[in-house]
Every structure is written in structure tokens, then in C-alpha cells.
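Take a look at the structure below.
The values are calculated or read from the model by the stated rules, or taken from the named source; none is laboratory data. It should be emphasised that the depicted structure is a prediction, and the values quoted were computed from it without experimental measurement. Don't worry about glycine lacking a Cβ; one is built from the backbone with ideal geometry, like all the others, and counts go over all protein chains shown.
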Amino acid sequence: MFQYSNLIYHESRLADYRYPLGARPAGSTVCLRLFAGGVSLLGVSVVLNGGGCHDEIQARHHDGWWEAEVELPDRPMVLWYYFKIGVEGKTFYYGCRPGHTAGRGELFSNQPLSYQLTVYDRDFKTPDFYKKAVMYQIFPDRYAQGNSANARRGIDYHRAMGRTVYLHGSFDETPFYLPMPGEEFYTPNDFFGGDLAGIEQSLTYLADMGVSVIYLNPIFEADSNHRYNTSDYNRIDPILGDEEAFISLCRTAKKLGIRIILDGVFSHTGSDSVYFNKKGNYKTKGAYQGEDSPYYSWYEFDEFPDSYKCWWGFDTLPEVRKHDESWREFVIEGENSVIRKWLQRGASGYRLDVSDELPDDTIESIRRAVKQEDGENFLLGEVWEDATTKQSYGKNRTYALGKGLDSVMNYPFRNAAADFLLGRLDAREMVDFLSSQMSNYPLEMYYCLMNLLSSHDIERIKTALAIDVDIENMTREQQGTFVVLPDQARDGEKRERLAAIMQFVLPGMPSIYYGDETGMDGLKDPFNRKPFHIHDQTLVYFYRSLSRIRRNTDVLSVGRCSFAFYGENVVGIFRYILDGRDAFGNPAENGAYLCLINRSDSDLDFVVDFAGIRLCMEKEQHDLLCSYGFSQGICLLTGKKIEIKNELAHVDIFKNSGMIFKLSKA
């Protein structure tokens, strides 16, 4: 077998081997090709599996190429394929490399690992607005206070309920991370008094940064500062303000071209809520009070009243039964449902908390309600892994295939970017990751993925890139006393800038977690949720410049994309429109940009061969690139110029730096 290893080849990211490239709509056709120019094969077939389908398609032979036309199923699913090869009376297999789902492959003597072929709903469409958007995530309690009376009234309200809450006196204080006096366990019930009015007063700052979408962590009534233990879906938490304050925020934001996305926490409620009412704080009967409660059927009791199904074993977070008709009517489907109410009052969509805890048919029902209110509304999901292949509770999830979510939080990108910048991945491995995502996600979703670097659930990117330690196994006490040294902090900021350049140049929606743009640091909760402060104005200017560069051209939002690597340390991202059409076939102005990221501690020089940029590029686009006649490029960050002759450019790049070259003809 090994004598054929260099003679038989398939590369799923190159148009010579698979076309059209990438994920494909249901009912379409894909051509899969295997090259074996120097080997006399008896036969080749393509073996397809997935979604209850199994097929083996004989390939045709022509001039060293074996190719098979594959008619894709008429319903969404993820298919997997490999090649079965007959040679000299033996059977070999060609499949994907271990740990990969796309790219180059290798020969196997037994059934191999397969290539991914995503089949999505042919009618899948995401709102175009979000393909060009810049997102800003806000943890409301910690961002800005616009009306101090809100905090005083809200704290009084919660205390009147018998809740233990604490109001900090200043945004300069540190969030609590140890139990409060008299408490046995830590609970996130200390507040700084950030409110909706404060966010509204900050909209000009955000608009100046090019922000067009604000994602708010939960704002509904709850007794915690994170508010993921909802007490009342129909009421804004009084510390944040009231319904009128929300309407005013949305109205002012829309005047500035900014849309508001809410955090929808629908897999569970709080135990101290209108619906469960374990503490008896509400006048209406909750499920805890008995079967005559209108909410009793929402919950699953093992032994009434104190043994019930709850989220990850937390008895303060009782899970809801997602197929209960009264719950679905109240939250999703009713004329005055929770979903519809806040859309009607100005929200433009939802981020679904713990999407994996919501069945696919529930997510699809939420999508219908969201889109019925306005087709431009957006549905984002919290998913930590590759959403196209995600499994939960023993099922393959379908929410990324066109009938569920518009987008997901792109944690895999964040992890890969950090690993590359910290030296845990080399440039080729980073390019493998980027091109695999582009190959596997439906284009409509890929171009509006929430490309984050930090969030309320993970350490801030500046801190993650400053230190290389095992944060997962650190206690809160250890995190609370951990010190990032000045040299480490400077390294973290340099790397953050490189990560942000990638974030703003790649397809998808760059998402800034509040304060990342100002140099805020922090390990995990609650240290990543400190009150907003501006530590580094130069970093603010840097993020503004990236946003301006992206905003000034359609190429960096809806243009096509390819990738390359130069040695172990430099990643290249090539964005382009060469035929007057963007990646979706819509009319757009031509242009091309080459982004280079050097993560090493050395200045580097190398040659960029534009004709050699081919990954994820259809053949006709590559032909256009080779004949386009670029003659120079100018870096939009530094002003540095490069000369291009015969599709070749000599580039020198400083250590720990990034460049964005705008290419042009003579």
C-alpha cells in the first residue's frame, strides 16, 4: 500500500478534487475526484454514509482521474465519504487524516476516516445585515450606570423579597468571588448597578467603533447579577430599569444603525420565580405549590415537591419540559408569547442560551416565531463545538442545517486563534482549521458566525494570551490572587491585536466582549465580568481602525475567502471580489485584500505566490486571480507597500505583527 501513498490523492478544499466546494444545498449535485495518475487501478468507488443513508457510487476513469457525480439527498444532513480503491487484486481506501474532516487525505488498509459533506436546507437564508455587522457583547450589570435610582429601587425590591443582595459603591471595586459574610457558599449576588440607561448613553461610543449589533446578557428579573436564573420573563430586572427604558434603548440604537439581541434563557427558569416559586415570593401559585399551578406541567418532578429535574444538578435552576404545550404557548407560540413580546418592543433577535438543551424542533419553533415578527430578526445559538456535527443526548443536531439557528458562537475559532498565537498550533494547522470551517458550514451561516475572542464564560483574550497556564483547574481563590506580570500583559496585548486582525478580516461577525477594546483583563467568572473601564485608549483606536477598514469595503464582509501559510509562523487570509459579485452572487465592487499574521518573535521575509493561493477557491475564481494583474499592495495599518510582479510579491513583516494589504492594479 505504501508504494502508492504519493501517487493517489484527494484534497476536499481544492476545486480540482471536489466541485462545487464546501457545504451544498439539499438536492444538488457534487463531483468528487481522486487522482491516481501513476497507478493502474482496477476501479474506484465513492462510499457515502450519514443521516440514515448509505450508498456506493462507481467512479469513471479519465486521464488519471477517477470521478463520481453524487446526487445529494433532498433533506438536510451531514454526509461522510471516502474512496474505495481496487489495485492488484487488493482493496485499499482513501480517507481523511485523523483529527480532520476536510483537506488532504491518506491511504488506509481498512475502512478509513471520512470527509465531511454538509447538506443544508435549500431555502436557508440568514439576514444580510449580520454578514456585515460588528457585534458588541455587554454584561449589563457591569457596563455603565445611567440612572443611580434604578439600582437603589432594584436592590430594595430584591431585599423586600428576602433575597440577599449587595450593591457596590463604585465601579472601581472588585466583584466578589468569596462567600458573603454569613454565607456558606459563593453566590453571584453582588451588583454594581449598571443599567439600560447607561447602555443607551454609551451608544455614540459604540457607534464610533462601528458596532451595529449589541448582544445583551440576560436582562429579565432575577436575583443574580448574571440573571441566567430567570424569575419573570415579562419584566425587566428593576436594577436595570423598566420596559420603557428597554424600548428607549432599542429606539435610540436603531437610529444609530444598531440592533439589540437578547439572551433567551429558555431551557430552565430560576427556582425563585413566578413559575416555580420555591420560596413563595410571588402571589401566583408556582409549580412548587402544587398541581393546580398553571405552571406545574412545565416541570418534571421525581418526588414532589423537592426532587425535580434541574439543569446540571443545580436545584436553583429547574429545567422545563420543552414539549409541554402550555410552556410552548407561553414562551414561543402564543400571540403574546415571551419571544414575540420583546421583539415587538424593539429587540431584533435572540441568543439561545445552552442551545444543546433545547430540542431541534423547539429551536425550529422559536425560529418560526422570530421570523414571523420580522424576517430580518436574528437567531444565534450558544454552541461550544462545531455546530454542523454536534451531538447531544445521543442525537445528531440539525440546528446548523437551515431550519434552526442563523448563527452560533464560534468558540472553536477563539480556541484555534489562541492556540496559534501561543505556539500550540503552527500556521499550517491554523489554516487547516480555518479552511475546514469554511468547507463544512453552510455559507449563509458561515458568513455571520459570531467570531468571538472573549465572553462572559471564558477568560478574557488579553489574559489568555498573556499567560499559558491551566486556568480550568484553578479555584476562584487562586484566580483572585493571580497576578499577570507587566511583561506578560504587554505580550498579551500584542497577541490580542493579532487575534483582532484575524477576527475583523475573516468572514463572519467580529464580536467584541465589552472592555476587550480597552485593555481589560481577567480570568474566569467573576474576574471576566469586572466593571467597564478604559485602560488603554490606543487599543480603542486600534479596534476603531479595524472596524473602519472592514466597513469601508464589502470585500472584507461578503467577499470570497482563501487561505495560505508561509512557514510555521505566518498565516495568510485572502479576501477578494474579482467578477463584480460577492460570495452570494450579489453585485459588488471588485477588490482584494491580503492579511498576514506573523506570530513569531522574529522579523520574517518570504515570497507570496498569489497563483498558489487556491484553498476553498473555485476554478473560475482562481483563473480570474491569475489574470487579474495586481501590481502593488499597501498595508492599511502601517502604510508599507509591496510590489507584485508575475503574481509574486516579496514581503517582510515585523515580529508579532499583522498587516492588511489592499491590492491594486497599476
For this session: Within the range 440-448, identify whether any single residue is in the same structural domain as Leu216 (by TED's automatic domain parsing), touching a Phe, Trp or Tyr at 6+ places or on another chain (Cβ under 7 Å) and either closer than 24 Å to His535 by Cα or basic (Lys, Arg) (or both), and answer yes or no.
Result: no
Problem set entry | When residues of the range 386-401 are limited to those that are surrounded by 15 or more Cβ atoms within 10 Å (Cβ to Cβ) and farther than 15 Å from Pro442 by Cβ, the one modelled with the lowest pLDDT | Ser392
For this session: Could you give me the residue pairs with C-beta distances under 6 Å whose first residue belongs to the range 167-178 and is more than 13 Å from Gly193 (Cα to Cα), whose second residue is surrounded by 16 or more Cβ atoms within 10 Å (Cβ to Cβ) and of a type in the set (Asp, Glu) wherever it lies, and which are 6+ apart or on separate chains?
Result: Phe176/Asp190
Exercise. Do we have any residue at all in the range 302-314 that's crowded, with 23+ Cβ neighbours inside 10 Å and modelled with pLDDT of 95 or more?
Worked result: no
For this session: For the range 507-530, state whether one or more residues are aromatic (Phe, Trp, Tyr) and touching a Leu at 6+ places or on another chain (Cβ under 6 Å).
Result: no
Exercise. So which residues in the range 87-106 are in a loop (DSSP other than H, G, I, E, B) and over 21 Å from Ala416 (Cβ atoms), if there are any at all?
Worked result: Glu88, Gly89
Exercise. In the range 401-438, which residues are within 24 Å of Asp123 (Cβ to Cβ), more than 17 Å from the chain's Cα centre (by Cα) and among the aliphatic types (A, V, I, L, M)?
Worked result: none
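Can you tell me how many residues within the range 392-421 are of a type outside the set (Lys, Arg), assigned to a loop (DSSP other than H, G, I, E, B) and farther than 15 Å from Met502 by Cα? If you could, list the steps in order and put the result at the bottom.
To start, the set of residues in the range 392-421 that are of a type outside the set (Lys, Arg) comprises 392-394, 396, 398-402, 404-413, 415-421.
Keeping just the survivors that are assigned to a loop (DSSP other than H, G, I, E, B) gives 393-394, 398-402, 404-406, 410.
Next, from what is left, pick out any that are farther than 15 Å from Met502 by Cα: 393-394, 398-402, 404-406.
The total comes to 10.
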For this session: Taking Tyr81 as the residue in question, decide whether it is surrounded by 13 or more Cβ atoms within 10 Å (Cβ to Cβ), among the aromatic types (Phe, Trp, Tyr) and under 27 Å from the mean Cα position of the chain (by Cα).
Result: yes
Problem set entry | the range 227-282 - residue that is among the charged types (D, E, K, R) and in contact with a strand residue (DSSP E or B) (Cβ under 7 Å, 6 or more places away or on another chain) and, of those, farthest from Ala149 (Cα to Cα) | Arg259
For this session: Considering (1) under 30 Å from Ser439 (Cα atoms); (2) in a helix (DSSP H, G or I); (3) of a type in the set (S, T, N, Q), say which one Thr388 fails and leave the rest.
Result: (2)
Problem set entry | Identity of the residue in the range 507-539, outside any loop (DSSP other than H, G, I, E, B) and in contact with a Pro (Cβ under 9 Å, 6 or more places away or on another chain), that ends up surrounded by the fewest Cβ atoms within 10 Å (Cβ to Cβ) | Phe527
Exercise. Would you call Glu244 free of Cβ contacts under 8 Å to residues at least 12 places away in the same chain and either β-branched (Val, Ile, Thr) or more than 20 Å from Gly346 (Cβ to Cβ) (or both)?
Worked result: no
For this session: Find all pairs meeting these conditions: Cβ atoms under 8 angstrom apart; at least six residues apart or on different chains; first residue within the range 468-484 and more than 12 Å from Asp525 (Cα to Cα) and assigned by TED's automatic domain parsing to the domain that holds Phe527; second residue hydrophobic (A, V, I, L, M, F, W, C) and surrounded by 10 or more Cβ atoms within 10 Å (Cβ to Cβ).
Result: Asp468/Leu422; Phe482/Met474; Phe482/Leu523; Val484/Ala466; Val484/Ile467
Exercise. If Arg368 satisfies every condition in (1) among the charged types (D, E, K, R); (2) more than 29 Å from Arg599 (Cβ to Cβ); (3) buried (at least 17 other Cβ atoms within 10 Å of the Cβ) but one, which is the exception?
Worked result: (3)
Seminar exercise, completed: By residue number, the members of the range 438-473 that are in a loop (DSSP other than H, G, I, E, B), hydroxyl-bearing (Ser, Thr, Tyr) and within 23 Å of Leu216 (Cα to Cα) are Tyr447, Ser454
Problem set entry | Scan of the range 643-656 for residues that are out of contact with any Leu (no Cβ under 6 Å at 6 or more places or on another chain) and crowded, with 20+ Cβ neighbours inside 10 Å, ordered by number | Ile644, Ala649, Val651
Problem set entry | Qualifying positions in the range 517-555 - free of Cβ contacts under 8 Å to residues at least 40 places away in the same chain and touching a strand residue (DSSP E or B) at 6+ places or on another chain (Cβ under 9 Å) | Val555
For this session: Give the range 271-301 a look and list any residue that's crowded, with 17+ Cβ neighbours inside 10 Å and not in a loop (DSSP other than H, G, I, E, B), or say none.
Result: Ala287, Tyr288, Gln289, Tyr296, Trp298
For this session: Please go through the range 37-79 and pick out each residue that is in contact (Cβ under 8 Å) with a residue 40 or more places away in the chain, assigned to a strand (DSSP E or B), hydrophobic (A, V, I, L, M, F, W, C) and over 14 Å from Ser114 (Cα atoms).
Result: Val44, Val70, Met77
For this session: Look at Tyr157 and say whether it is hydroxyl-bearing (Ser, Thr, Tyr) and surrounded by fewer than 17 Cβ atoms within 10 Å (Cβ to Cβ).
Result: yes
Exercise. Which residue, of Thr481, Thr538, Thr475, is modelled with pLDDT of 95 or more and of a type in the set (Val, Ile, Thr)?
Worked result: Thr538
Seminar exercise, completed: The number of residues in the range 227-255 that are within 16 Å of Phe266 (Cβ to Cβ) and either at pLDDT below 95 or of a type in the set (Val, Ile, Thr) (or both) is 1
